[in-house]
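The values are calculated or read from the model by the stated rules, or taken from the named source; none is laboratory data. Please read these numbers as outputs of a predicted model, since none were measured by experiment. Cβ placement follows ideal geometry from the backbone for every residue including glycine, while neighbour counts extend to all protein chains displayed.
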């Protein structure tokens, strides 16, 4: 009886009696959600344009953040370091196309997927060789990102809002909105989707696979850098971030692998769900630590009832 | 409708008059490992004609189209299109120099709508740079609107107005073939390659498709090379017919000549080689 009370009644009583804490939890959920959306966005981009789940997206986040911090450590001014990092990410996109994808045209998707796993391990090794394995601090202030916090007095209590979180949310929304328009309304966007659907047909209308792949991997690189800066500003730059990137999986299952708005809604649902569950149910009833697996439970439930996700393309198969 | 009052037309500035050679392939041989798909085949396509390629299954017809459009690279021989001789064609070159095609098993972008599929066919006609594209503003937006007009004209021509916004994956097979033709037309090709445009269609759909092919040929002056198994259709549509069997050319000429050619009859009836 007490268990039922703790599950169904007590959490809501607490939300009501401590509204400022509830607001704080919602804000934390929102922030986590936007960051998940950003990571998921990188995956969606490459999935839309090549039908491939890019296992290397996580390591691209780490690699771009490490490059940025590494360049700064060499004495390059912060903003110039960002530009140079983008050049490096372009180089990466160019090489991936030249050395890997170009040779795999018309191969089954699973082959391309395997190649991204290979790429992941290459980048881990290469990154450690260049930058070493120890965690580094993100150059948040040097980049002009706000670091302080503001305390609001609301509902008879306080809510603390970190400025960096606000910046992260704004940047995430700008990126997502821009990419959504780009994908749905322009020639290049259409070409990207065409390539994902059918390589041969895309070639026959004069779409250059090579060019499209470079564009899309570079775009994913830009998103990776934005993600890397924001995540690392909250912890630090280390190879552990790569694991965080796998949190994008449940987001993708929820939002659909091909939808940019799906990535954002999915990210927010996971962010809110995870924080609320952890603080109101997980910590009191299960001893905490639920946020490492709760998202995957939501994803599993979705897979059972709505496998294409909330906004994914419905699989149409004529027999 | 007259070709002069439409946006859509074949290139006219290529200096090739109707009846002159648009494409010729010389001594093409193509093999995959030990399997010879095409052996020493030469033939030409004249501007403005409907050229059929026929032959039993596995004769190398689709391989020949793939060579022309650059998907396959022959080990020997050359391809001359609009006076330019090449050892091998690349798909991008083929598309940008005016060769469009359809596929035997419809190859559409199934997640996209009819409209987007046909718009994708205009990829090479749209060239405002990436920067404008990113913002979909200014020149890029004007361009998008201008191309949309041409696409609407094609939709009108193929009588597929009703399915404009449908994802093509949901459409019946006959309509998918029509959308695929629309996508190929959107590039305003000089040479249109059709790989079994009527495969799997019922009589009514075949009649519709035949009518569209004739209209494309006559209204827009587009040169057409087609592979087809329905001999009735081939005899009606084609100006000249080439016959392949086991990768070799066994006949070439006017439809009635080919029809009475003993080698061709043997190939179709299966005389021991």
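Of all the listed residues (A:156, A:132, A:178), the sole one being within 14 Å of chain B (Cβ to nearest Cβ) and modelled with pLDDT under 90 is A:178. Of the residues B:172, B:167, the single one that is more than 19 Å from residue A:194 (Cα to Cα) and at the interface with another protein chain (Cβ under 9 Å from one of its Cβ atoms) is B:172. I'm checking my understanding of the structure. Among residues of region A:169-186 that are in a helix (DSSP H, G or I) and without any contact (Cβ under 8 Å) to a residue 12 or more places away in the chain, which one is farthest from the chain's Cα centre (by Cα)? Applying the filter and picking the extreme gives A:185. Residue B:22 passes every criterion in (1) farther than 20 Å from residue B:248 by Cβ; (2) more than 19 Å from the chain's Cα centre (by Cα); (3) in a strand (DSSP E or B); (4) touching a residue at least 24 places away in the same chain (Cβ under 8 Å) apart from (2). Of all residues in region B:73-80, at least one satisfies being touching a residue at least 12 places away in the same chain (Cβ under 8 Å), within 14 Å of another protein chain (Cβ to nearest Cβ) and surrounded by fewer than 15 Cβ atoms within 10 Å (Cβ to Cβ). Selection over region B:90-121 of residues that are assigned to a loop (DSSP other than H, G, I, E, B) and crowded, with 24+ Cβ neighbours inside 10 Å gives a count of 4. Considered as a group, the residues in region A:187-212 that are assigned to a loop (DSSP other than H, G, I, E, B) and over 16 Å from residue B:111 (Cα atoms) include one that is nearest to the other protein chains (Cβ to nearest Cβ), and that residue is A:206.
Out of region A:260-283, which residues are out of contact with any helix residue (DSSP H, G or I) (no Cβ under 7 Å at 6 or more places or on another chain) and either surrounded by fewer than 14 Cβ atoms within 10 Å (Cβ to Cβ) or modelled with pLDDT of 90 or more (or both)? If the condition is that a residue be out of contact with any helix residue (DSSP H, G or I) (no Cβ under 7 Å at 6 or more places or on another chain) and either surrounded by fewer than 14 Cβ atoms within 10 Å (Cβ to Cβ) or modelled with pLDDT of 90 or more (or both), then no residue fits.
Answer yes or no as to whether residue A:288 is touching a helix residue (DSSP H, G or I) at 6+ places or on another chain (Cβ under 7 Å), at pLDDT below 85, away from every other protein chain (no Cβ under 14 Å) and not in a helix (DSSP H, G or I). Yes; evaluated as a whole, the condition is true for this residue.
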